[in-house]
Structures are given as structure tokens and as C-alpha cells.
1. For the chain, which longest stretch is free of loop sites, where a loop site is one of the GluC sites (Glu not before Pro) that DSSP puts outside H, G, I, E and B and that has at most 14 other Cβ atoms within 10 Å?
2. Where the centroid of each part is defined by its Cα atoms, how far is segment 102-154 from segment 22-92 in Å?
3. Just need the Rg to Rh number for the chain, please, alpha carbons only, Kirkwood Rh.
4. Hydropathy at least -1.0 by Kyte-Doolittle, axial extent at least 20 angstrom from the Cα trace: which helices of the chain, defined as entire DSSP H runs, fit?
5. So, taking all protein chains as they sit and a 1.4 Å probe, how much accessible area belongs to T143, in Å² rounded to tens?
6. Over the chain, with the other protein chains present, what is the accessible area per residue in square angstrom, probe 1.4 angstrom?
7. Roughly to the nearest percent, how much of the accessible area of segment 26-166 is carbon and sulfur, given a 1.4 Å probe?
8. Report the full-extension gain for the segment D132 to K111: residue separation times 0.36 nm, less the Cα-Cα distance, to one decimal in nm.
Amino acid sequence: MGENTAQILRPGVRVLEGNLVVPEGARFAIVASRFNAFIVDRLIEGAVDALLRHGAAAERITLVRSPGSWELPLVVSRIAEKGDVNAIVALGALIRGSTAHFEYIAGEVAKGLAHVSLKTGLPVTFGVLTTDNLEQAIDRAGTKSGNKGAEAATAAIELVSLGRALEGAGWY
Ligand code: RBF
């Protein structure tokens, strides 16, 4: 049980939660945009590193490249419907300064990824940076503010693990 949950729990309450141990045989797809590759490549490194460190097999990780963040929902949708994976990690970098209609594009990408996840029931985690400038993107891709690719991969692991716990309870 996670430390936070243990602290608030009263006796007898059932807890269904995931952990960060990659279940045996779990398969992951990382879908990452080529646009702003110098940032996104750092997110990919963070995501792969997190998956491996938590016990995923390298042979069960597939990296798929999309042209830009805009195309992520379509590519993720194809994989969610036809691919043989337990979770998908979507990675991209939308930088306001260089992106006309930034809010619109970022909103559609977020909505599209959420839609695919809810429609297919497959965990799709969000590792798309939406920053005001390049400096903030660099910070979130492995320097000052952690690595959002690693965070998205970690969330994917927890969701796969939670899925097994829900299945075990007959809730999934
Ligand atoms: N894709 C990104 O992933 N990040 C960006 O910051 C980004 N900025 C763009 C700015 C403009 C003006 C255009 C036209 C495209 C941009 N794209 C960006 C690419 C977009 O996601 C998509 O790949 C292309 O528009 C082709 O459909």
C-alpha cells in the first residue's frame, strides 16, 4: 500500500491501487513527435529509462514517431485499437512562442488523447509539454523541473498495475 493511503486508512476499508512494479509481460508503446525533437528526444530517454528501471523488458517497449504533436491522437488511436500494448505514453513539445494558435492545438491534442483513452479503455498518459518558451521546455525535459517523459511513463506503469488490481476485484 502506498504510504499516503496507509496513513488515512480506517480498518476494514478495501483499497484498490496500483504500484510501480511493471507486471510480467506488460507491453508499452511510446508515441513521440519529431517536431521539437531536441526536446522530445530527452522525454523519450526519460520515459524509456523509467520503464526499464521499474522492470519493463526492452523487447516489450516500442517507440513510434509522429510528425508533430497534432498527429499524436491519430497515431495513438491506431495503436490503441490494433496494437498489442497495455499502455501508451504520448510525448511531444508544444512551445507557445513558435506555435501559431498554441491554445487551440494544445487543447485539441489533450482532448484527442483523452478521447482515445476513454473510448478504448487503454491507459494513454500525457507527456506533451505545453510551455511559453524553449527554456521552460528544457527545464521539464530533464533539467530543473524533472523529466515529464519519465513522469508519463511512471503513470502508465501505475495504470497497468491498477488495471490488474481492478481486474482482480472483478471491476474491470
Ligand atoms: N508540433 C509540435 O509538436 N510542437 C510545436 O510547437 C509545433 N508548432 C507548430 C507551429 C506551426 C505554425 C505549425 C504549422 C505546426 C507546428 N507543429 C508543432 C506541427 C504540428 O503538430 C503538425 O505536425 C503539423 O501542423 C502538420 O499537421
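The values are calculated or read from the model by the stated rules, or taken from the named source; none is laboratory data. Treat the numbers as computed from the prediction; the structure is a model and nothing was measured. All Cβ positions, even for glycine, are placed from backbone atoms using ideal geometry, and neighbour counts span all protein chains on display. These accessible areas exclude ligands, DNA and RNA; they are computed on the full protein's heavy atoms, side chains included. Shrake-Rupley method; radii C 1.70, N 1.55, O 1.52, S 1.80 Å.
1. 25-172
2. 12
3. For the chain, the value is 1.00.
4. Helix filter hits for the chain: 37-53, 102-120, 148-168.
5. Answer for T143: close to 80 Å² accessible.
6. I get 55 Å² per residue for the chain.
7. Of the solvent-accessible surface of segment 26-166, carbon and sulfur hold 55 percent.
8. 5.6 nm
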